[in-house]
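Below is one structure, written out as structure tokens; the observations come after it.
The values are calculated or read from the model by the stated rules, or taken from the named source; none is laboratory data. Not measured: the values here are computed from a predicted model. Cβ: placed from backbone, ideal geometry, glycine included. Neighbour counts: every protein chain shown.
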């Protein structure tokens, strides 16, 4: 599983950096992304699903931190 720490990043950079990371991966691989920008929890899953990827989980891991696990299409 590839990991991407985007704490400190804001939209739209959260999606852009997630998209770039997914482009460098093989189909079926998973990407774990950590955010501390609350709007990214709504925007990033919606955007990656629109591109055909699968959101496996969204989990709150701290007071202002979330983890999303995505499987590349």
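Regarding residue 28, is this residue at positive phi and loosely packed, with under 12 Cβ neighbours inside 10 Å?
Yes: the conditions hold for residue 28.
Would the stretch 39-52 turn up any residue that is at pLDDT 95 or above, touching a strand residue (DSSP E or B) at 6+ places or on another chain (Cβ under 7 Å) and assigned to a strand (DSSP E or B)?
no
Look through 48, 44, 10 and report the one residue that is surrounded by fewer than 16 Cβ atoms within 10 Å (Cβ to Cβ) and either touching a helix residue (DSSP H, G or I) at 6+ places or on another chain (Cβ under 9 Å) or farther than 15 Å from residue 69 by Cα (or both).
Among 48, 44, 10, only 10 is surrounded by fewer than 16 Cβ atoms within 10 Å (Cβ to Cβ) and either touching a helix residue (DSSP H, G or I) at 6+ places or on another chain (Cβ under 9 Å) or farther than 15 Å from residue 69 by Cα (or both).
Being in contact with a helix residue (DSSP H, G or I) (Cβ under 9 Å, 6 or more places away or on another chain) and modelled with pLDDT of 95 or more: is that true of residue 69 here?
no
Would you be able to tell me the number of residues in the stretch 52-61 that are in contact (Cβ under 8 Å) with a residue 24 or more places away in the chain and surrounded by fewer than 13 Cβ atoms within 10 Å (Cβ to Cβ)?
Going through the stretch 52-61 one residue at a time, the tally reaches 2.
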